[in-house]
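Beneath this line is the structure, given in structure tokens, with notes to follow.
The values are calculated or read from the model by the stated rules, or taken from the named source; none is laboratory data. Because the structure is predicted, anything quoted here is derived from the model rather than measured. Methodologically, a virtual Cβ is constructed for each residue, glycine included, from the backbone with ideal geometry; neighbour enumeration extends over all protein chains shown.
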Amino acid sequence: MKIFSSHKRSRVARKTPHRAGTQSLSQFFSLRYQRGRLVQQLIGFLGVIAIVVAIQGWIYPFTYRVGDRFPNGLSARMTFKVVNNFETSRIAKERERLVPLIFRNDSSTLKLAPDQLKAALGAIAEAKTLTDLSLEVQQAFGLIEGPSIPKIDLTNPTQGGAIDVSTDVRFRFEQLKQAITPLDARQSDTHISSIIDEFTRLIQPLYKTGIIDARDLTRRDLGLDSPLAIVDANVELPRPNPLEDTELWIAVSITDVALSDLLNDAGFLGHRWSDFPRLETIRQPLEQWMRNQVRHTLEYDQANTQLARRWAGKQVEPVYDLINEGDEFLPPDGIVDRNLLNILIAEYEASLELFTFETRLARAAIVFLMVSILLVIASWYLFRFESGLINSWARLSVLLSVIALAVLIGRLTSFDPVRGEVAIVVATSMIIAVAYNQRLAVATAFLISLLIAMATRINFAQFTVMLSAATIAITSLQRVQSRSTIIKAGFLSGLLTFVVAWGMEILLYPSDSLYYWFDPLLLQLCLKYAG
């Protein structure tokens, strides 16, 4: 019995007419298809590069955050130096305190003093009695009449007399008038002019240094050793260091510009009275006139003083503390605080200095390969379920750009005190859910969470929080009927994110106490995730 028959059925050969147009059209479509694939590959390549740049693939990430718990403690992994902020700040403040206070000197008012004194002395020379003087001149020289002052007789204390102040004032007036009036009355103007000439030479050095307002001594809490920098009112000081050019200012002390110190016996003017014989005869009334009539010429320049002090403080070299390898940072079950975080940042920056260019390049290549594999896996989903998106180079470019941007912002906001990576993942996934669909949004949220985890080396708890928050927000957006739907979805996502973050902390770091319900750091951390 034959299983297979040897009889062959003949087939009539069919001749297909040659159509040149069909072959050319297929070649055209094939070329167009190849070009489309090439564009897709180019967009994918650029997307991988953008993601590698976003996560800084050439260096390893800084993983410590405020509130991180270490059940086994934490110690230094290498020997490094950390800035002692307290000591550096102390030295900087001391350096700032040594910077002289800048005062602007306007000597125009002081240059008017000789003319004012000449007019006052001329009025005294012409007056026959004290009452002929104007009240202003009397007040200037301290020639104001007042009540009698009791006088005690030292030989007989039980008996007392009285000094007639008006008599004393009239006596001083007569003395002053006699001192400025020459024997020859015709030379009165010449004699007063000689006095004014000596007075001008007496105060001429003060034109450069000026006279400070007595109220500034208490207002600025100035001591005798406080340095001052006197600058002409019309001089433009350089930036950023106003005191850089020493030719633009004069260094003085308080005793060089305070009128009371200038006039006493040990002061600058007190030493010079003997050089001017005409002035020395009227020294006491002239000192009284200067105290009453000479106005201050110095004004405090607060803006330039603060600028000079800030500049001086910035010139202080940082003071470093040496941290040796193995030094304990945290005991078992310790928590990272802000002060320790600064030390860990210094250790991280010191370790980055050990990375050579070849090491960074090799790390970037490895990260590029890992991201490429991740995107190849993600592309399968796009080919299977989102073919329209992957076949459009514009839509594909937008999607990859959104992912790269979300990863970049998520990495930058993952540091303290923001901790906003969860909000970035949730916001991006909600946008994808509204613009496309929920399935693509979940896949995008997973991809972004994974890339942020790669960029920050966050632990499993934080990765779970990011993915859970995004999933909750996406599933709440089945139909967006109004803006309130998005607000409700965001609020629900934040609430459940707080619960998930709290629960993951309890699961990963168990404790036999009620610490988790009362620790403010944990509460603050969970609120940041939920916010």
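Just one residue in the set Q284, Q315, Q293 is more than 21 Å from V257 (Cα to Cα) and surrounded by fewer than 18 Cβ atoms within 10 Å (Cβ to Cβ); that residue is Q315. Working only within segment 234-261, note down all residues that are surrounded by 14 or more Cβ atoms within 10 Å (Cβ to Cβ) and either more than 30 Å from the chain's Cα centre (by Cα) or among the charged types (D, E, K, R) (or both). Residues satisfying the conditions are I250, V252, S253, I254, T255, D256, V257, A258, L259, D261.
Note on segment 317-362: residues that are of a type in the set (S, T, Y) and closer than 18 Å to A76 by Cβ total 3.
In the set (1) of a type in the set (D, E, K, R); (2) closer than 16 Å to L322 by Cβ; (3) in a strand (DSSP E or B), the condition left unmet by R104 is number (2). Here the condition is being at pLDDT 85 or above, of a type in the set (S, T, N, Q) and out of contact with any Leu (no Cβ under 8 Å at 6 or more places or on another chain); of S379, S401, it holds for S401 alone. When S429, S493, S484, S449 are checked against the criterion of being modelled with pLDDT under 70, buried (at least 22 other Cβ atoms within 10 Å of the Cβ) and either part of a helix (DSSP H, G or I) or not assigned by TED's automatic domain parsing to the domain that holds R384 (or both), S493 stands alone in meeting it. Within the bounds of segment 377-388, is there any residue that is in contact (Cβ under 8 Å) with a residue 60 or more places away in the chain and more than 14 Å from Q41 (Cα to Cα)? Within segment 377-388 (the criterion being in contact (Cβ under 8 Å) with a residue 60 or more places away in the chain and more than 14 Å from Q41 (Cα to Cα)), the answer is yes, since at least one residue qualifies.
Mind listing whichever residues of segment 297-322 are among the aliphatic types (A, V, I, L, M) and outside any strand (DSSP E or B)? Outline the logic, then answer.
Kept after step one, since they are among the aliphatic types (A, V, I, L, M), are these residues of segment 297-322: 298, 303, 307-308, 312, 316, 319, 322.
Result: A303, L307, A308, A312, V316, V319.
Just one residue in the set A92, A123, A127, A76 is touching a helix residue (DSSP H, G or I) at 6+ places or on another chain (Cβ under 8 Å) and surrounded by 19 or more Cβ atoms within 10 Å (Cβ to Cβ); that residue is A92. Only one of the numbered conditions (1) closer than 30 Å to E136 by Cβ; (2) assigned to a loop (DSSP other than H, G, I, E, B) is violated by E325, and that is (1).
Whether any residue in segment 194-213 is in contact with a Ser or Thr (Cβ under 6 Å, 6 or more places away or on another chain), farther than 18 Å from L269 by Cα and of a type outside the set (D, E) is what I want to check. Even if it seems obvious, please write down each step before you answer.
First, pick out the residues of segment 194-213 that are in contact with a Ser or Thr (Cβ under 6 Å, 6 or more places away or on another chain): 207, 210-211.
Filter again for farther than 18 Å from L269 by Cα, leaving none.
No - not one qualifying residue is present in segment 194-213.
Please tell me if I282 is of a type outside the set (D, E), farther than 22 Å from G142 by Cα, in the same structural domain as I195 (by TED's automatic domain parsing) and in contact with a helix residue (DSSP H, G or I) (Cβ under 9 Å, 6 or more places away or on another chain). In short, no.
Specify the residue that is nearest to R220 (Cα to Cα); the eligible residues are those in segment 82-113 that are touching a Pro at 6+ places or on another chain (Cβ under 6 Å) and at pLDDT 90 or above.
Here is the first cut: in segment 82-113, the ones touching a Pro at 6+ places or on another chain (Cβ under 6 Å) are 83, 88, 100.
Now narrow it down to the ones that are at pLDDT 90 or above: 88, 100.
Details: T88: 25, P100: 12 Å.
For segment 82-113, the residue satisfying everything is P100.
Of all residues in segment 198-233, those being surrounded by 12 or more Cβ atoms within 10 Å (Cβ to Cβ) and not in a helix (DSSP H, G or I) number 16.
Residues are listed down the side, and each one gets a yes or a no for (1) surrounded by 12 or more Cβ atoms within 10 Å (Cβ to Cβ); (2) part of a helix (DSSP H, G or I); (3) at pLDDT 90 or above:
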{"site": "D115", "(1), (2), (3)": "no, yes, yes"}
{"site": "K151", "(1), (2), (3)": "no, no, no"}
{"site": "T155", "(1), (2), (3)": "no, no, no"}
{"site": "R172", "(1), (2), (3)": "yes, yes, no"}
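Aromatic (F, W, Y), under 24 Å from T456 (Cβ atoms) and touching a Gly at 6+ places or on another chain (Cβ under 8 Å), is that true of F80? Even if it seems obvious, please write down each step before you answer.
Working: aromatic (F, W, Y): yes; under 24 Å from T456 (Cβ atoms): yes; touching a Gly at 6+ places or on another chain (Cβ under 8 Å): no.
In short, no.
Do we have any residue at all in segment 287-296 that's outside any loop (DSSP other than H, G, I, E, B), under 16 Å from P100 (Cα atoms) and out of contact with any strand residue (DSSP E or B) (no Cβ under 6 Å at 6 or more places or on another chain)? Checking segment 287-296: not a single residue is outside any loop (DSSP other than H, G, I, E, B), under 16 Å from P100 (Cα atoms) and out of contact with any strand residue (DSSP E or B) (no Cβ under 6 Å at 6 or more places or on another chain).
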